[in-house]
Amino acid sequence: MNEDQEYQYTKRTQKDYSYSFKLQVVDEVERGEISITAARLKYGIQGHGTIRTWIRKYGNLDWDNKSDLKMGKTPEQKLLELEQKVLLLEKQKASLEKQLYVTDKKAIFFDMMIDIAEDEFNIPIRKKSLPKQLTNSKKKKK
């Protein structure tokens, strides 16, 4: 059989792909008989990621747990990773300290503004303590 005849391109639509056809293509690719690109040309599959999606869905390889397999890191890599984490945490700490400083200054500024307003207008702006308010409200109700 001529190789050109074997990989003759026939255009297909998405509805042409049956479940058994998908399983056949996935089986051929997983056994190593044909590459993904060659399968696309042979079966006339238009999308680049179509066969990869089929392999993830219908293949025998466990694609979901693939990310859990990690190579061990060398001590140098671990040290560099920890140094980067330390630098990141130091930056975050500095940022939070700056935010705290600004917040404290704002609180002091607002307290000063309330004090000035109370002095100039001779009116109490701050709320009275809660127990005193409760006793006053009880007297008014009776």
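The values are calculated or read from the model by the stated rules, or taken from the named source; none is laboratory data. As the structure is a computational prediction, the values presented were derived from the model and not from experiment. Positions of Cβ are generated from backbone atoms using ideal geometry, with glycine treated the same way; all protein chains shown enter the neighbour counts.
In this structure, does ASP115 turn out to be at pLDDT 90 or above and either surrounded by fewer than 10 Cβ atoms within 10 Å (Cβ to Cβ) or in contact with a strand residue (DSSP E or B) (Cβ under 7 Å, 6 or more places away or on another chain) (or both)? No: the conditions fail for ASP115. Take region 77-132 and flag every residue that is more than 28 Å from the chain's Cα centre (by Cα) and of a type in the set (D, E, K, R). Those that are more than 28 Å from the chain's Cα centre (by Cα) and of a type in the set (D, E, K, R): ASP104, LYS105, LYS106, ASP111, ASP115, GLU118, ASP119, GLU120, ARG126, LYS127, LYS128, LYS132. Scanning region 20-62 for residues that are of a type in the set (Ser, Thr, Tyr) and part of a helix (DSSP H, G or I) yields SER20, THR37, TYR43, THR50, THR53, TYR58.
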